[in-house]
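Any read-out appearing in this document is the output of simple, stated calculations on the displayed coordinates, not a laboratory observation. All values reported here derive from a predicted model rather than from experimental measurement. We place every Cβ from the backbone using ideal geometry, glycine too, and count neighbours over all the protein chains shown.
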Protein chains: 2
Amino acid sequence: MKKAIVLLSGGLDSTTALYVAKSQCFDELYAITFKYGQKHDKEIRSAVAVAQQAGVKEHKIVELLLNQWKGCSLTDPGMEIHDGDVARNTIPDTYVPARNMVFLSVAASYADALGITDIFIGVSEVDYSGYVDCREEFIRSMEQTINLGTVLGAEQKKKITLHAPFLHMTKAEEIQWGTTLGVDFGKTWSCYRGTEKPCGTCDSCLLRAKAFREAGIQDPLLNDSES
Amino acid sequence: MKKAIVLLSGGLDSTTALYVAKSQCFDELYAITFKYGQKHDKEIRSAVAVAQQAGVKEHKIVELLLNQWKGCSLTDPGMEIHDGDVARNTIPDTYVPARNMVFLSVAASYADALGITDIFIGVSEVDYSGYVDCREEFIRSMEQTINLGTVLGAEQKKKITLHAPFLHMTKAEEIQWGTTLGVDFGKTWSCYRGTEKPCGTCDSCLLRAKAFREAGIQDPLLNDSES
């Protein structure tokens, strides 16, 4: 059995990463999802549904309140989530400080405890919201740090690999790949807002809509029957 | 005002690190303590007392249960904490997988939110329990990763520094330094067990006793009046 840990937010990217791991013969999968103080739990419920459908061996939901420090509109009750602007050149206020570093560290702890050398994350440095922790330079440095800061990497000399299969891929290409792998995109949730239907206007909805349009695929989440 | 974040467990090392930060003119201090599933809260209560005595500006206690994966005797209710053996050459079962990486990542998130470029951690690669995440190689790699994975480091190009003042120091030297800085060691807690008095036989008690002995200083925690 080839084992892997997958960071699973319940969004489009992490769900597709889970199916990529499956397709690469990682047949015993461990998913990890974070409750970090998001204003709604729709993506967490999506993560549970996705993990179940994909048949993961174990799904850990880790609570870690990154909203104890203010300034992020995804977690700060005093801040509104603005409508998106994908042409924007600055880092949006939906940025959660060092989120991927924190998540990957906790995943590395989980990996170190279980003796698992492969970790998947669905980041891309092509179609992203300007978050610094989605870039290859960061991912490679994090991988090195994980290999130095775990018993698995530093003592047992088993190389831990961070797999970021979409790093150099557009979201449209990722959706096309996911479609061939049988990803049920209707189960994923990307919208920053916790409304019943995706709002269609936040940054994340705009990126998702653009990607499905470019991929020439209909987003099943926007079908009435999927509500 | 020079600001710094200090990882404060309530133990001897992190408390001394806090006082070193103060002595280096970091006059606005932010302490961060983790409840990661320890079997007792004695060190957390120590951290609160230390932070108060040192006059920190803000003290965050972050809950993050690293005991969701088994195998560490500090957090796994099914495992006993053994008596120590400082001559041992293997990694003890008190090792919490990737703990310092996780703690430093969360501290980096806090730093990124507040715009603070200095983080203190009390690790030493001389007198330690064989934990891989106390080594200089790891600390320097982590520092680089933090600079790549935060807006502060990667976008604003403000170099974030991980200060590990005891990295190449014995615990005895650290205690001597702390004594000159006025550290109240009676307020710190090192014992792995949550007994009323330090057990005197766990790894952490043995290391502490050896260090005070070598420093030629009486550990105030072992005075009857300090119980």
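Miscellaneous remarks
- In the elastic network of chain A, a GNM with C-alpha springs shorter than 10 Å, the most mobile of A:S23, A:S109, A:S73 is A:S23.
- Ignoring aspartates and glutamates fewer than eight residues from A:K187 along the same chain, the ones with Cα atoms less than 15 angstrom from its Cα are A:D13, A:D41, A:E43, A:E196, A:D219, A:D224, A:E226.
- The long axis of helix B:42-54 is offset from the longest Cα principal axis of chain B by roughly 50 degrees.
- Label-to-label distance, nm, for residues given as B:K159 and A:E214 (7 Å Cα→Cβ offset): 3.7
- GNM flexibility winner over chain B from B:I32, B:I119, B:I217 (Cα, springs under 10 Å): B:I217
- Inter-probe distance in nm under a simple model that places probes 7 Å from Cα toward Cβ, at B:D76 and A:M79: 4.0
- With a cut-off of 14 Å between beta carbons, the residues surrounding B:T145 carry a summed charge of -3, where Lys and Arg count +1 and Asp and Glu -1.
- Cα-based helix-to-principal-axis angle, B:12-23 vs chain B, degrees rounded to 10: 40
- Out-of-range pairs (alpha-carbon distance over 30 Å; input A:K3/A:K197; B:K39/B:K210; B:K39/B:K171): A:K3/A:K197
- Hits among aspartates and glutamates - C-alpha to C-alpha of A:K70 under 15 Å, sequence gap 8 or more where chains match: A:E80, A:D93, B:E58, B:D112
- Long-range amide H partners of B:K35 with built H, under 5 Å: B:V62, B:E63, B:L64
- Here the label points at A:L65 and A:H40, each 7 Å from Cα along the C-beta direction, are separated by 2.2 nm in the simple model.
- Sorted shortest first, the distances from the B:T90 label point to those of the same residue in the other copies are 5.6 nm; each point sits 7 Å from Cα along Cα-to-Cβ.
- With coordinates expressed along the principal axes, the C-alpha atoms belonging to region B:1-158 extend over 45, 34, 30 Å, beginning with the largest.
- Degrees, to the nearest 10: A:99-114 long Cα axis against longest axis of chain A: 40
- Cβ-based net charge around A:T179, under 12 Å, with every Lys or Arg adding one and every Asp or Glu removing one: -4
- Gyration tensor (Cα) of the protein assembly as shown, equivalent ellipsoid semi-axes in angstrom: 42, 23, 18
- Low-density loop cleavage sites - GluC sites (Glu not before Pro) in region B:110-207, where at most 16 other Cβ are within 10 Å (DSSP): B:E196
- Taking A:V48, A:V123, A:V151 in turn, the Gaussian network model of chain A (Cα-Cα springs below 10 Å) assigns the largest fluctuation to A:V151.
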